[in-house]
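Heads up, the thing below is written out as structure tokens.
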Amino acid sequence: MFAELGTRLAGALSIGDLKTDGAPAQGLDLVVDQIKGVLTALDQGITDLEANKFPVDGFIRSASFGMGEEASRIAYHHTRAHGVVVDTLKGMKSDLEKFHASVLDAQALVTRTDEQAQADLTRIVARTENIDLGQQGHVEAQNDHTGDVPSDEPPAADDSDETDEDAS
């Protein structure tokens, strides 16, 4: 049971898995796909532990060890070991449930972070969408000079282009 859970978790955490369409998972797809795999493995592990009948099926009566001098010592150690295994299984189930909840929290955090990044990028695009970076001036200059004709003479100086400077 424990080896199977370990194998399922290792499989869920393997990097480079393919998505259902055959393409390699990347970025958040990879994270979300791995989280789903871990959750599936954890769900199965928790189900396996809930169905575990070791506390009842693993019980052995002390009389089963015989009536000799060592029988009572063996029965005592078996009972203690049985209790340790039962408590370990209960603790493992509890830990898996907590880990399961943490993985769900991590998945929600990844989703919220992705949504926040999308919202931030949308705001940035909205702020910069109408900035033409001189494009409109370039278009206007092209339109303003459609009537220009070639000449052998230099154009006359235009006083409006010069700035007034004081000759102090």
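Given the structure, is GLU50 closer than 30 Å to GLN107 by Cβ, surrounded by fewer than 13 Cβ atoms within 10 Å (Cβ to Cβ) and at pLDDT 70 or above?
When the stated conditions are applied, GLU50 passes them.
Report yes if LEU96 is assigned to a helix (DSSP H, G or I) and either out of contact with any His (no Cβ under 8 Å at 6 or more places or on another chain) or surrounded by 10 or more Cβ atoms within 10 Å (Cβ to Cβ) (or both), otherwise no. First the steps, then the outcome.
On the way: assigned to a helix (DSSP H, G or I): yes; either out of contact with any His (no Cβ under 8 Å at 6 or more places or on another chain) or surrounded by 10 or more Cβ atoms within 10 Å (Cβ to Cβ) (or both): yes.
It is true that LEU96 is assigned to a helix (DSSP H, G or I) and either out of contact with any His (no Cβ under 8 Å at 6 or more places or on another chain) or surrounded by 10 or more Cβ atoms within 10 Å (Cβ to Cβ) (or both).
Has the stretch 35-45 got any residue that is out of contact with any Gly (no Cβ under 6 Å at 6 or more places or on another chain), basic (Lys, Arg) and at pLDDT 80 or above? Before you say what the answer is, go through the steps one by one.
Step one: filter the stretch 35-45 for residues out of contact with any Gly (no Cβ under 6 Å at 6 or more places or on another chain), giving 35-45.
After this cut, where a residue has to be basic (Lys, Arg) as well, the list is 36.
If we keep only those that are at pLDDT 80 or above too, we end up with none.
No.
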*Of everything in the stretch 53-76 that's of a type in the set (Gly, Ala, Ser) and not in a helix (DSSP H, G or I), which residue is surrounded by the most Cβ atoms within 10 Å (Cβ to Cβ)?*
GLY58
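The values are calculated or read from the model by the stated rules, or taken from the named source; none is laboratory data. Everything numeric in this text was worked out from a predicted model, so none of it was measured. No Cβ is skipped: glycine too gets one built from the backbone with ideal geometry, and neighbour counts run over all protein chains shown.
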